[in-house]
Amino acid sequence: MLYGLVQNPQMTDKELSETIKLKHSTATAIRHRLRNYEFFRTLVIPRLQNLGCDMLVAIYTSFSPLIPLEERIRITEPTIEVFDEIFLSVGEQDKGFSLSLSKDYATIGNINDIRTQTFGGRGLLEDEYPNMVVFPFTISKIYRYLDFAPLLKTHFKIDFETEKTIRNYGSQDNTNVMFMETEKNVYYLLVKYPEMSDDDIGKELGVSRHTVSRIRRGFEKDKLIRKINIPDLKKLGFEILTFTHIRFDPRNPPDMERDEAAVLMDNSTIFMACRMYETVMLSIHYNYEAYKGDKTKMMQILRENKWIAKDPVVRTYGLNTMIFIKDFKFAPIARKIVGCTLLI
């Protein structure tokens, strides 16, 4: 049932029960139990590339182990993490990474300058500046974007047939969508409160439930929002998250048009952004043995295809020791990009 909720977050209990061959009442009871015990949570991810957002950015940094993680967070929260563009930020004692969405390079470049100045001025850095990897949507592909279903399918040994089509979650239409004021407010509230009912949103905004439902359906039809269910990985026993940055050999990079780099994904991959000469991936592993096996397979593919001149950067984080400084906080950047003035 948990796999079904993650694989098909848009399905009703009735639709899901028919898919996994359970009674409707049983499926509903299991969903409530999984929810009550917090085995998953729901997010609404904004698809901002057609609303004026031009790029996704990954930044990773090595820190001095002499500065406690809690002290580092105390310093960076009011100076760096406060920026709306950062929606995910993860820290461990000697390292950290973040993912951001930005409307332009100047904005994200300014954030990185402040980051470098803060880290350097407070003695937080180890031996290098923060590394920034920029993925402009017009020349990049997002092959996997917080998709935990393949991971659970392997973990639970589920043999359901699933779609194997390679998708690009970063695809960008030629024209930016313009919202009316009510649409801006509904969009923001859907992202900030993913489980808020259309009726409650309508009461908050002073419009009818019918109006909110019509606007939401329009967003879904135009693929401007995407609902996902994220499993609690620690409750399921997973131990390791890896951040991988691969720089391809410029003499022989994988073919972007043919999506050759997508072969680097396996079922442990939950995120993969790629452009012609580099890619960033996030993966989840049950234990160290699983991590080593997945890394060996990745290195074998890279070397057999002669795609790299030097080894990629692979950094491991313990799910029980790392801290989510920002945990998939999409609402601030959604509010900023669409120009919502609502203060809720």
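Just so it is clear, none of the values below were taken in a lab; they were calculated from the coordinates. Not measured: the values here are computed from a predicted model. Here the Cβ is made from the backbone with ideal geometry for all residues, glycine too, and neighbour counts use every protein chain on show.
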task = Pull out a ≥ b ≥ c, the square roots of the eigenvalues of the alpha-carbon gyration tensor of segment 90-212, then state rounded if a/c is under 1.5, prolate if not and a/b is larger than b/c, and oblate in the remaining case.
result = oblate
ask   = Over segment 63-169, what is the relative contact order in whole percent, taking alpha-carbon pairs under 8 Å and six or more residues apart?
value = 24 percent
message = Run through segment 22-63 and list the chymotrypsin sites (Phe, Trp or Tyr not before Pro) located in a DSSP loop whose Cβ has at most 15 other Cβ atoms within 10 Å.
response = 37
Label point at residue 37 placed 7 Å out along Cα→Cβ; residues across segment 207-247 whose backbone nitrogen lies under 15 Å = 231-238
query = Percent relative contact order of the chain, based on C-alpha pairs within less than 8 angstrom and at least six residues apart?
reply = 26 percent
task = Report the residue, chosen from 314, 280, 134, that carries the largest GNM mean-square fluctuation when the chain is represented by alpha-carbon nodes joined by springs under 10 Å.
result = 314
query = What percent does the relative contact order of segment 218-293 come to when contacts are Cα pairs within less than 8 Å and at least six residues apart?
reply = 36 percent
Sequence-distant aspartates and glutamates (8 or more away, or on other chains) whose Cα lies within less than 14 Å of residue 23 = 13, 15
task = Can you tell me how much longer the chain between residue 306 and residue 207 gets when fully stretched, taken as 0.36 nm per residue apart minus their C-alpha distance, in nm with one decimal?
result = 29.8 nm
task = Find, among the GluC sites (Glu not before Pro) in segment 83-159, those assigned to loop by DSSP (not H, G, I, E, B) with at most 10 other beta-carbon atoms within 10 angstrom.
result = 128
note = XL table 21/192; 103/326; 95/310; 21/329; 157/223; Cα-Cα > 29 Å flagged, in table order, is 21/192; 21/329; 157/223
inquiry  = Rounded, prolate or oblate for segment 199-344? Axes are the square roots of the Cα gyration tensor eigenvalues, ordered a ≥ b ≥ c, and the cut-off for rounded is a/c under 1.5.
reply    = prolate
message = I need the shape label for segment 36-146. Rule: rounded when a/c is under 1.5, else prolate if a/b > b/c, else oblate, with a, b, c from the alpha carbon gyration tensor.
response = oblate
task = Could you size up the charge dipole of segment 1-156 around its Cα centre, putting +1 on the beta carbon of Lys and Arg and -1 on that of Asp and Glu, and report it in debye to the nearest 20?
result = 940 debye
ask   = In terms of Cα to Cα distance under 19 Å, which aspartates and glutamates are near enough to residue 14, apart from those fewer than 8 places away along the same chain?
value = 195
query = Just for the Cα atoms in segment 1-96, what are the lengths along the principal axes, largest first, rounded to whole Å?
reply = 55, 35, 19
message = Please list, by residue number, every one of the chymotrypsin sites (Phe, Trp or Tyr not before Pro) in segment 241-302 that is coil in DSSP and has at most 14 other beta-carbon atoms within 10 Å.
response = 277
message = Going by average Cβ density within 10 Å per residue, which order do the peptides 256-262, 143-149, 26-32 take, highest to lowest?
response = 143-149, 26-32, 256-262
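Largest first and in whole Å, what are the equivalent-ellipsoid semi-axes of the chain based on the Cα gyration tensor, each being the root of 5 times an eigenvalue?
Largest first, the chain gives 31, 26, 21 Å.
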query = Cα centroids of segment 280-309 and segment 90-168: how far apart, whole angstrom?
reply = 17 Å
request  = Please give the calculated 222 nm ellipticity per residue for the chain, where each DSSP H segment of at least 4 residues contributes -39500 (n - 2.57) and the sum is spread over every residue; nearest 500 deg cm²/dmol?
outcome  = -10000 deg cm²/dmol
